[in-house]
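**Student:** The structure is given below, and queries will be raised subsequently.
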Amino acid sequence: GQQVMQIPQYQHVQEGEDFTTYCNSSTTLSNIQWYKQRPGGHPVFLIQLVKSGEVKKQKRLTFQFGEAKKNSSLHITATQTTDVGTYFCAGIKAAGNKLTFGGGTRVLVKP
Amino acid sequence: GAGVSQSPSNKVTEKGKDVELRCDPISGHTALYWYRQSLGQGLEFLIYFQGNSAPDKSGLPSDRFSAERTGGSVSTLTIQRTQQEDSAVYLCASSISSGNTIYFGEGSWLTVV
């Protein structure tokens with residue numbers, strides 16, 4: 001079955017630094033979505049990428065969809081304490097309809 | 001309300017008892033998911049409903065778990081003969097159709113003692 005892997009599982013970042021988290025699928029995806037879950041909360045949608053090579057930005061967050069539509073990345077610049085949480089990617093395989101989540105990257109920010 | 005509603009928000013039950021968790025999706029959403037999340041862990045897929053299609057039950061961990069969705073709207077997740085390892089947050093999510101953004105409820109926190 002379809003598998004979506006995220007690395008790293010944990011990310012400890014000094015406030016102000018940049019980091020990137022990666023998402024890799026075992027199958028080609030029709031789209032990929034990113035969600036953020038704050039501690040004690042539920043996952044909240046951030047963005048969806050559909051096109052091969054697509055890049056989207058939300059303030060300090062940059063999302064990219066790979067050319068082969070099998071991987072994606074989230075890059076955060078100048079990390080702030082408000083960035084703490086778990087970031088999940090989720091993909092739908094081409095010709096599929098079910099959203100499959102990766103295991104998430106848990107981000108801790110050191111002030 | 002405009003969001004996904006889940007009840008109860010918290011449930012403490014004795015080992016061996018049955019529990020029912022309810023999910024009210026956003027009105028008009030045809031796709032509905034159930035996930036389980038243990039403390040500090042990722043989202044474990046349980047079951048997926050899409051319109052009138054047969055549900056994808058591939059994530060249900062054992063035959064003690066079942067779910068139904070009546071009238072294409074409200075869904076109930078039932079856990080029979082609960083075990084301590086069933087303790088987790090059970091999250092429901094819905095989307096307007098497959099492939100679209102999904103919206104999560106606040107979750108039902110289940111503790112089996």
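The values are calculated or read from the model by the stated rules, or taken from the named source; none is laboratory data. Computed from a predicted structure; not experimentally measured. Glycine also receives a Cβ, built like all others from the backbone with ideal geometry; neighbour counts cover every protein chain displayed. For accessibility, only protein heavy atoms count, side chains too; no ligands or nucleic acids. Shrake-Rupley method; radii C 1.70, N 1.55, O 1.52, S 1.80 Å.
**Student:** If you go through region B:39-68, how many residues are surrounded by 13 or more Cβ atoms within 10 Å (Cβ to Cβ) and assigned to a loop (DSSP other than H, G, I, E, B)? Explain how you work it out, then say what you get.
**Tutor:** As a first pass, look at region B:39-68 and keep what is surrounded by 13 or more Cβ atoms within 10 Å (Cβ to Cβ): B:41-50, B:55-57, B:59-60, B:64-67.
Imposing the further condition that a residue be assigned to a loop (DSSP other than H, G, I, E, B) reduces the set to B:41-43, B:55, B:57, B:59-60, B:64.
Here the count works out to 8.
**Student:** A follow-up question, please. Please enumerate the residues belonging to region A:54-92 that are within 18 Å of B:Leu43 (Cα to Cα) and open to solvent by 10 Å² or more (accessible area, probe 1.4 Å).
**Tutor:** To start, the set of residues in region A:54-92 that are within 18 Å of B:Leu43 (Cα to Cα) comprises A:84-92.
Answer for region A:54-92, where residues must be within 18 Å of B:Leu43 (Cα to Cα) and open to solvent by 10 Å² or more (accessible area, probe 1.4 Å): A:Val84, A:Thr86.
**Student:** Sticking with this structure for a sec: For region B:50-108, which positions are of a type in the set (Ser, Thr, Tyr), away from every other protein chain (no Cβ under 12 Å) and in contact (Cβ under 8 Å) with a residue 12 or more places away in the chain? Quick ask: steps written out before the conclusion?
**Tutor:** Within region B:50-108, the first condition is being of a type in the set (Ser, Thr, Tyr), and the residues that meet it are B:53, B:58, B:62, B:66, B:70, B:73, B:75-76, B:78, B:82, B:87, B:90, B:94-95, B:97-98, B:101, B:103, B:108.
Right, trim to away from every other protein chain (no Cβ under 12 Å) and you get B:62, B:66, B:70, B:73, B:75-76, B:78, B:82, B:87.
If the condition is that a residue be of a type in the set (Ser, Thr, Tyr), away from every other protein chain (no Cβ under 12 Å) and in contact (Cβ under 8 Å) with a residue 12 or more places away in the chain, then B:Ser66, B:Ser73, B:Ser75, B:Thr76, B:Thr78, B:Thr82, B:Ser87 are the ones that fit.
**Student:** Can I ask one more? Looking only at region B:69-100, count how many residues are farther than 18 Å from B:Gln6 by Cβ and in a loop (DSSP other than H, G, I, E, B).
**Tutor:** Summing the residues that are farther than 18 Å from B:Gln6 by Cβ and in a loop (DSSP other than H, G, I, E, B) in region B:69-100 gives 8.
**Student:** Looking only at strands (runs of 3 or more DSSP E) that lie completely in region A:38-111, which have at least 1 residues being more than 14 Å from every other protein chain (Cβ to nearest Cβ)?
**Tutor:** Where strands (runs of 3 or more DSSP E) fall fully within region A:38-111 and carry at least 1 residues being more than 14 Å from every other protein chain (Cβ to nearest Cβ), they are A:55-58, A:61-65, A:71-76, A:105-110.
**Student:** Tally up the residues in region B:6-33 that are surrounded by 16 or more Cβ atoms within 10 Å (Cβ to Cβ) and either within 14 Å of B:Gly71 (Cα to Cα) or within 12 Å of another protein chain (Cβ to nearest Cβ) (or both), please.
**Tutor:** Taking region B:6-33 first, the residues surrounded by 16 or more Cβ atoms within 10 Å (Cβ to Cβ) are B:6, B:11, B:13, B:19, B:21, B:23-26, B:29-33.
From what's left, either within 14 Å of B:Gly71 (Cα to Cα) or within 12 Å of another protein chain (Cβ to nearest Cβ) (or both): B:6, B:23-26, B:29-33.
Result for region B:6-33: 10.
**Student:** Another question about this same structure. I'd like the residue in region A:93-108 that is hydrophobic (A, V, I, L, M, F, W, C) and modelled with pLDDT of 95 or more and, out of all such residues, is least open to solvent (accessible area, probe 1.4 Å). Explain how you work it out, then say what you get.
**Tutor:** Residues of region A:93-108 hydrophobic (A, V, I, L, M, F, W, C): A:94-95, A:99, A:101, A:107-108.
If we keep only those that are modelled with pLDDT of 95 or more as well, we get A:107-108.
Working: A:Val107: 3, A:Leu108: 87 Å².
In this case the residue turns out to be A:Val107.
**Student:** Take the residues of region A:1-18 that are at pLDDT 95 or above and open to solvent by less than 30 Å² (accessible area, probe 1.4 Å): which is farthest from the other protein chains (Cβ to nearest Cβ)?
**Tutor:** A:Val13
**Student:** Any chance region A:35-57 includes a residue that's under 14 Å from the mean Cα position of the chain (by Cα) and small (Gly, Ala, Ser)?
**Tutor:** No, because not a single residue in region A:35-57 is under 14 Å from the mean Cα position of the chain (by Cα) and small (Gly, Ala, Ser).
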